[in-house]
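The next block holds one structure in the form of structure tokens; read it before the comments.
The values are calculated or read from the model by the stated rules, or taken from the named source; none is laboratory data. Everything numeric here is computed off the predicted structure, so don't read it as measured data. Positions of Cβ are backbone-derived with ideal geometry, glycine not excepted, and every protein chain shown enters the neighbour counts. Ligands, DNA and RNA are stripped out before the accessible areas are found, and what is left, the full protein with its side chains, is counted by its heavy atoms. Shrake-Rupley method; radii C 1.70, N 1.55, O 1.52, S 1.80 Å.
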Amino acid sequence: MMRLGILLSGRGSNFAAIAENIAQGRLKGCEIAVVISNKVDAAGLAIARERGLKAVAIEARGRKRAEHDAEMISTLREHEVDLVILAGYMRLLSPEFVQAFPLRILNIHPSLLPAFPGLDAQEQALIYGVQVAGCTVHFVDEELDHGVIVLQKSVPVLEADDAQTLSARILEQEHIAYSEGIARVVSGEYQIIGRRYVRHISS
Ligand code: GRF
């Protein structure tokens, strides 16, 4: 069993989708060991508690990044986490954190990377005028929204879209994509060649 450590800051809908897929037996080979929020009032923490999962707030405000990250690393280690899942975790990770879990941190970003990294990706996509948008599950490295891509899903951009309608269409795909991406990593059947994530065992 791979033990997942979820990091979030807010709503927690991606986390909820992952938890539901695990509970329903649709995402096998992993379990949620701990859910950590850098905000005490994150809705995602309440969802975790309702599900009977271990939920911890490690407040970041007013603390140095290195100090806050060190506490998160030790909490993740305490719970013997194998794979860290960023699910709307709205704080940059220190290089020390990334190095503590090499190729063991996943993120989901609401664009087809490498387009539109950073904040408000859906809004950036609309302003740029792309006609296809989507989401990307990727490994986290020391550069923002940059690590090896595990899986992407696309959606159309419609003429009537605003940031809200486009975000909703992408989010629906995020909820599917994240569990599929985790399943790929958990399967042990993929390897990284260059920047490509490719299947090396055929079934
Ligand atoms: C999602 O759009 C995700 O792609 C981005 O942050 C948002 C988190 O939403 N990284 P939620 O907290 O999972 O509902």
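Residues checked against (1) assigned by TED's automatic domain parsing to the domain that holds ALA87; (2) modelled with pLDDT under 95; (3) crowded, with 18+ Cβ neighbours inside 10 Å; (4) within 24 Å of ARG91 (Cβ to Cβ):
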position: LEU119; (1), (2), (3), (4): no, no, no, yes
position: ALA125; (1), (2), (3), (4): no, no, yes, yes
position: LEU144; (1), (2), (3), (4): no, no, no, yes
position: GLY147; (1), (2), (3), (4): no, no, yes, yes
position: ASP162; (1), (2), (3), (4): no, no, no, no
position: GLY181; (1), (2), (3), (4): no, no, yes, yes
position: ARG196; (1), (2), (3), (4): no, no, no, no
position: SER203; (1), (2), (3), (4): no, yes, no, no
Next on the checklist: Just to be sure before I move on: is ALA23 touching a Gly at 6+ places or on another chain (Cβ under 9 Å) and without any contact (Cβ under 8 Å) to a residue 40 or more places away in the chain in the structure I sent?
Outcome noted: no
Checklist outcome for this item: Filtering segment 79-108 down to residues that are open to solvent by 40 Å² or more (accessible area, probe 1.4 Å), closer than 23 Å to GLY29 by Cβ and either touching a helix residue (DSSP H, G or I) at 6+ places or on another chain (Cβ under 6 Å) or touching a residue at least 12 places away in the same chain (Cβ under 8 Å) (or both) yields GLU80, ASP82, LEU103, ARG104
Item to check | Residue selected from segment 54-100 under the condition away from the ligand (no atom under 16 Å from the Cβ) and assigned to a strand (DSSP E or B), by the criterion nearest to GLU174 (Cα to Cα) | outcome: LEU83
Checklist entry - Is it fair to say GLU172 is closer than 18 Å to MET2 by Cα and in contact with a strand residue (DSSP E or B) (Cβ under 9 Å, 6 or more places away or on another chain)? => result no
Item to check | Residue identified as among the hydroxyl-bearing types (Ser, Thr, Tyr), modelled with pLDDT of 95 or more and surrounded by fewer than 16 Cβ atoms within 10 Å (Cβ to Cβ) among SER37, SER74 | outcome: SER74
Next on the checklist: Return the residues of segment 15-24 that are more than 12 Å from ALA183 (Cβ to Cβ) and open to solvent by less than 30 Å² (accessible area, probe 1.4 Å); say none if nothing qualifies.
Outcome noted: PHE15, ALA16, ALA17, ALA19
Item to check | Selection status of VAL137, assigned to a strand (DSSP E or B) and more than 11 Å from the ligand (Cβ to nearest atom) | outcome: no
